[in-house]
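Working notes, beginning with the structure itself.
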Amino acid sequence: MTDNQPRPSLRVCVIGLAGVGKSTCAGLIEEFARDKGLTYARVKLAEPLYHLQEQVYRTAGADLREDAQDQVLMEALADAMRRIRPESLADDFTRRLARTDAELVVNDDLRDPHVDAPALRAHGFRVLRVVCDEALRQSRLDQRDDPTRADRSTRQIDLIEPDAVIDNGSGLDAYRAAVHELLGSWL
């Protein structure tokens, strides 16, 4: 690539049920970006919810592991924010997205098909759905140390039309190859 050519840019939203490997996919996308010499950023829709979760636990005098998700609490917080103002999470996301100039941006926590998904699409995100066998997904969830589990927030995930679907059931090497091949075709 010469200095006169524009740098490639790509925005990817990874969706799927808890335990299918969305965070792993985001890591593989970061690896792809690094391999291609692209700058990378992960922008989470739920960032405000993580901050609120932390505050709730702190106020309750309870410990919460840094990367743990109290999924029941997170769903309740998201419901409250959307009840107060449906576009609150999407607008917060958009403000944070505007502050990044990364060439490859990934989001791995989209769940809402009605407000959030259209907002991400409007900002050029392509949607990658990750799936895997249900027994494997449950096995992965059993290995996590989340205080609670809930899947209500992903019940309408099928309403979000994916641009591509990748099955994460054949091991990390096959998953990496599929993600890297797809991203290469999208650049």
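Observations on the model:
- Residues located in segment 57-79, provided they are free of Cβ contacts under 8 Å to residues at least 60 places away in the same chain and among the charged types (D, E, K, R): R58, D63, E66, D67, D79
- The residues of segment 30-74 that are small (G, A, S) and on the phi < 0 side of the Ramachandran plot, listed by number, are A33, A41, A46, A60, A62, A68.
- Out of V12, V20, one residue alone is open to solvent by less than 50 Å² (accessible area, probe 1.4 Å), touching a residue at least 24 places away in the same chain (Cβ under 8 Å) and touching a Cys at 6+ places or on another chain (Cβ under 6 Å). It is V20.
- Per this entry, R82 is not counted among residues that are exposed (fewer than 14 other Cβ atoms within 10 Å of the Cβ) and in contact (Cβ under 8 Å) with a residue 12 or more places away in the chain.
- Selection count where residues are surrounded by 14 or more Cβ atoms within 10 Å (Cβ to Cβ) and either touching a Gly at 6+ places or on another chain (Cβ under 8 Å) or of a type in the set (A, V, I, L, M, F, W, C) (or both), scope segment 104-142: 19
- Some residue of segment 133-142 being over 14 Å from the mean Cα position of the chain (by Cα), modelled with pLDDT under 90 and of a type in the set (G, A, S): yes
- Enumeration of residues in segment 118-144 that are charged (D, E, K, R) and touching a residue at least 24 places away in the same chain (Cβ under 8 Å): R126, R129, D133, R137, R140, R144
- Contact map, segment 27-43: first residue of a type in the set (D, E), second residue assigned to a helix (DSSP H, G or I), Cβ cut-off under 9 Å, separation 6 or more or different chains; pairs are E31/R176; E31/V179; E31/H180; D35/H180.
- Taking every residue in segment 164-185 that is open to solvent by 60 Å² or more (accessible area, probe 1.4 Å) and pairing it with any residue that is assigned to a strand (DSSP E or B), at least 6 positions away or on another chain, the pairs with Cβ-Cβ distances below 7 Å are V165/R129; V165/V131; D167/V131.
- Residue check, D101 touching a residue at least 40 places away in the same chain (Cβ under 8 Å), outside any loop (DSSP other than H, G, I, E, B) and open to solvent by 20 Å² or more (accessible area, probe 1.4 Å): no
The values are calculated or read from the model by the stated rules, or taken from the named source; none is laboratory data. The shown structure was predicted, so the numbers you read here are calculated from the model rather than taken from an experiment. Neighbour counts run over all protein chains shown; Cβ positions are idealised from the backbone, glycine included. What goes into the accessible areas is simple: the full protein's heavy atoms, side chains included, and nothing from ligands, DNA or RNA. Shrake-Rupley method; radii C 1.70, N 1.55, O 1.52, S 1.80 Å.
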